[in-house]
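Below: the structure, in C-alpha cells.
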Amino acid sequence: MKKKSQKLKVQLLGAILSASISAVALTSATYAWYVSNNKVTSETSSIMAEANGFMLQIVKLGDTLDHGSDTALVSAVEGHKISPASTDDAKSWWVPENWNADMNVATYMHPTWDTDDKGNTLTGQYTVGEETYYAYAVGEYTLYTLTNTGICDVYLDGSNVNGAVEVTVKDTDGKETVVNDKVAASLRVGITIDDGKGSGEQLVLVYAPKNEDSNSHGNDVNSTNGWSVVKDNNSTTAPSYPYVYEKTYTWTDTTGTTYNYAATKDGFSYVLPNGNARKIATGVNYDGNTTMRVYIWMEGTDADCISRIVDGDMRKFNVTVHLAGVASNLSQ
C-alpha cells in the first residue's frame with residue numbers, strides 16, 4: 001500500500017542563480033579548467049518555497065520565521081562570479097595551480113579565502129596575483145514547519161515535468177528553455193543540511209544536468225573516467241558523495257545498495273520514493289532547526305569544463321531545485 005502525505009507540496013520554484021558565460025577567446029587550443037579570465041558570472045535572483053496549505057516553509061538564513069502564512073515565501077540570493085573548482089564535501093575546495101605543456105591541469109591547490117577589512121572571510125572568494133575568483137556560489141536557508149505540531153521530511157520532487165533540478169536558459173524574449181548541453185553539463189548543484197543536532201553541515205546530495213559517461217575522461221592529467229573530483233595536490237578520484245543527474249534520482253553506493261531520493265505525485269498527494277527512500281532532510285520542525293545550503297560550482301575535472309566549449313557563449317543559466325515535503329510519520 002502506498003504511503004502518501006496529505007496534499008503536501010513544497011517546491012523551490014525560484015532560480016537559485018542566473019549565470020552568464022563571460023569567457024574570453026584565448027586561442028584555438030583546448031584549455032582544461034579554463035585559464036586566465038574565463039569565468040561564469042552569476043546574477044542576483046531568488047529562491048521560493050511553496051507550502052500547499054500544509055507546513056513546510058523556507059526563509060533566507062537569518063530572516064525571521066513566518067508562522068502566520070501558508071503562502072509562498074521568497075528569499076533573495078545574491079550571485080557573483082564563479083570559476084572552475086572541485087570539492088568532495090562542499091567544505092574543502094580545490095582550484096587549479098599549474099598546467100602542463102598540453103595545457104591540462106597538473107597540480108591543484110586549496111585557495112586562501114579573501115577577507116574583508118574586518119578580517120571576516122569572504123565566501124568562496126580568493127585571489128591569484130591581481131585577479132579575484134570565486135570557487136562557488138551558495139544560498140543559505142532555514143527550513144521550518146508552519147504548525148508547532150508538524151514534523152516534516154524532505155525529498156526531491158520527482159513529479160516536476162522538467163526534473164527535480166532544472167538548468168534553464170532565458171532567451172531575449174524572456175522565455176526559459178531547459179538545457180543539458182555541454183556548457184551546462186559541468187555545473188554541479190550540491191545540497192547540504194545541518195540539522196542542528198551537533199553533527200554540523202553535511203553534503204547530502206550532488207546533482208549534474210548531464211551524466212558523466214563512464215568512458216569519458218576528465219580534462220586533467222589524471223584523466224579519471226566518469227564522475228571525478230580532486231583527491232589531493234596532484235591526483236583525482238571518483239567522488240564519495242551521493243549524486244544524481246538529469247531525471248535519474250537513484251544512486252548506488254559502493255556496496256551495491258541503491259537509494260531513491262525523489263518522491264512522486266499521486267493526485268494532490270506525494271508518494272514516497274520506491275525502494276530505499278533517501279531523505280534530503282529529516283525531522284524539520286517548527287523552531288527552524290534545519291539549515292539548508294545550496295552550492296553551485298563548475299566542476300573543473302569535468303570533461304566538458306574546457307574553454308573551447310564556453311568561448312563566446314553568452315547565455316544566462318538558471319538553476320532551480322524542486323523539493324517535496326512528507327510528514328515524518330509517513331516516512332517511517
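The values are calculated or read from the model by the stated rules, or taken from the named source; none is laboratory data. Just so it is clear, the model here is predicted, and its values are computed rather than measured. Don't worry about glycine lacking a Cβ; one is built from the backbone with ideal geometry, like all the others, and counts go over all protein chains shown.
The residue that is farthest from Lys60 (Cα to Cα), counting only those in the stretch 151-178 that are surrounded by fewer than 19 Cβ atoms within 10 Å (Cβ to Cβ), of a type outside the set (Val, Ile, Thr) and touching a Ser or Thr at 6+ places or on another chain (Cβ under 9 Å), is Asp171.
For the stretch 163-180, the condition of being within 18 Å of the chain's Cα centre (by Cα), over 27 Å from Pro96 (Cβ atoms) and in a loop (DSSP other than H, G, I, E, B) holds for at least one residue. All conditions but one from (1) within 18 Å of the chain's Cα centre (by Cα); (2) hydrophobic (A, V, I, L, M, F, W, C); (3) at pLDDT below 95 apply to Phe268; the one that does not is (1).
Any residue at all in the stretch 243-260 that is in contact (Cβ under 8 Å) with a residue 60 or more places away in the chain, exposed (fewer than 15 other Cβ atoms within 10 Å of the Cβ) and either in contact with a strand residue (DSSP E or B) (Cβ under 6 Å, 6 or more places away or on another chain) or outside any loop (DSSP other than H, G, I, E, B) (or both)? Looking through the stretch 243-260, none of the residues is in contact (Cβ under 8 Å) with a residue 60 or more places away in the chain, exposed (fewer than 15 other Cβ atoms within 10 Å of the Cβ) and either in contact with a strand residue (DSSP E or B) (Cβ under 6 Å, 6 or more places away or on another chain) or outside any loop (DSSP other than H, G, I, E, B) (or both).
Could you list all residues from the stretch 121-137 that are within 28 Å of Asp66 (Cβ to Cβ) and either out of contact with any Gly (no Cβ under 7 Å at 6 or more places or on another chain) or free of Cβ contacts under 8 Å to residues at least 12 places away in the same chain (or both)? Talk me through it step by step, then tell me what you get.
Initially, the stretch 121-137 is screened for residues within 28 Å of Asp66 (Cβ to Cβ), giving 123, 137.
If the condition is that a residue be within 28 Å of Asp66 (Cβ to Cβ) and either out of contact with any Gly (no Cβ under 7 Å at 6 or more places or on another chain) or free of Cβ contacts under 8 Å to residues at least 12 places away in the same chain (or both), then Thr123 is the only one that fits.
Exactly one residue out of Tyr259, Tyr249, Tyr241 is closer than 17 Å to His322 by Cβ and not hydrophobic (A, V, I, L, M, F, W, C), and it is Tyr249. Taken over the stretch 139-150, the criterion of being surrounded by fewer than 20 Cβ atoms within 10 Å (Cβ to Cβ) and not in a loop (DSSP other than H, G, I, E, B) is satisfied by Glu140 alone. Looking at this structure, is Ile306 touching a strand residue (DSSP E or B) at 6+ places or on another chain (Cβ under 6 Å), touching a residue at least 24 places away in the same chain (Cβ under 8 Å) and under 25 Å from Gly139 (Cβ atoms)? It is false that Ile306 is touching a strand residue (DSSP E or B) at 6+ places or on another chain (Cβ under 6 Å), touching a residue at least 24 places away in the same chain (Cβ under 8 Å) and under 25 Å from Gly139 (Cβ atoms).
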